[in-house]
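Below is one structure, written out as structure tokens, with a few remarks after it.
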Amino acid sequence: MKKILIIEDDIGIAGLMKLALHNEGYKVTLAHTGQQALEHLLQFTYDLVVLDITLSDMKAMEIIAQLEQEEKQMPSFIVVTSMDDTAFAVEMMKAGAYYYMVKDRHISQRLLKVIKLWENDVQ
């Protein structure tokens, strides 16, 4: 069973993503702030992270940088955001993102499809 950490400050969206992934058999943990995310990432091991770009207390790149400072490698990650910004998408892909997704009303279903693609790539 793959362990996935969802880092999303919108509690409603996070809950929908968690439910969709849990129903497919994934073990899902939620973090609603960057600080919570860092605590989880430093203490536990995850196969995949779903990472919102902008949280209430920090940005995605800050989480990645702090993990590097702790000499902890960021697991594979998928970026989700409400911003459709090509330059930022490229920056996140250079930082190691597997995929970059813009949030919409179908985010849970689209995320599930991307995770299935990721699973096929890592096998």
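Looking at Ala87, is it surrounded by fewer than 13 Cβ atoms within 10 Å (Cβ to Cβ) and either of a type in the set (S, T, N, Q) or over 16 Å from Met1 (Cα atoms) (or both)?
Working: surrounded by fewer than 13 Cβ atoms within 10 Å (Cβ to Cβ): yes; either of a type in the set (S, T, N, Q) or over 16 Å from Met1 (Cα atoms) (or both): yes.
Yes.
Which residues, counting only those in segment 11-41, are of a type in the set (Asp, Glu) and in contact with a strand residue (DSSP E or B) (Cβ under 9 Å, 6 or more places away or on another chain)?
Kept after step one, since they are of a type in the set (Asp, Glu), are these residues of segment 11-41: 24, 39.
Correct list: Glu39 only.
Just name the residue that is farthest from the chain's Cα centre (by Cα) out of those in segment 49-91 that are closer than 19 Å to Glu39 by Cα, part of a loop (DSSP other than H, G, I, E, B) and without any contact (Cβ under 8 Å) to a residue 12 or more places away in the chain.
Glu71
Just checking, does segment 57-65 include any residue being in contact with a Ser or Thr (Cβ under 6 Å, 6 or more places away or on another chain) and surrounded by fewer than 17 Cβ atoms within 10 Å (Cβ to Cβ)?
Yes, that holds for at least one residue.
Residue by residue through segment 1-26, note down the ones that are in a helix (DSSP H, G or I) and either among the β-branched types (Val, Ile, Thr) or touching a residue at least 40 places away in the same chain (Cβ under 8 Å) (or both). It would help to see each step written out before you state the result.
So in segment 1-26, the residues in a helix (DSSP H, G or I) come out as 11-23.
Within segment 1-26, Ile11, Ile13, Leu16, Met17, Leu19, Ala20, Leu21 qualify.
Which one is nearest to Gln123 (Cα to Cα) among residues in segment 27-48 that are under 14 Å from the mean Cα position of the chain (by Cα) and assigned to a loop (DSSP other than H, G, I, E, B)?
Asp47
All of the numbers you see were taken from the coordinates with simple rules; none came from a lab. Predicted model, so just to flag it, every value in this text is computed and none were measured. Glycine gets a Cβ as well: all are built from the backbone with ideal geometry, and neighbour counts include every protein chain shown.
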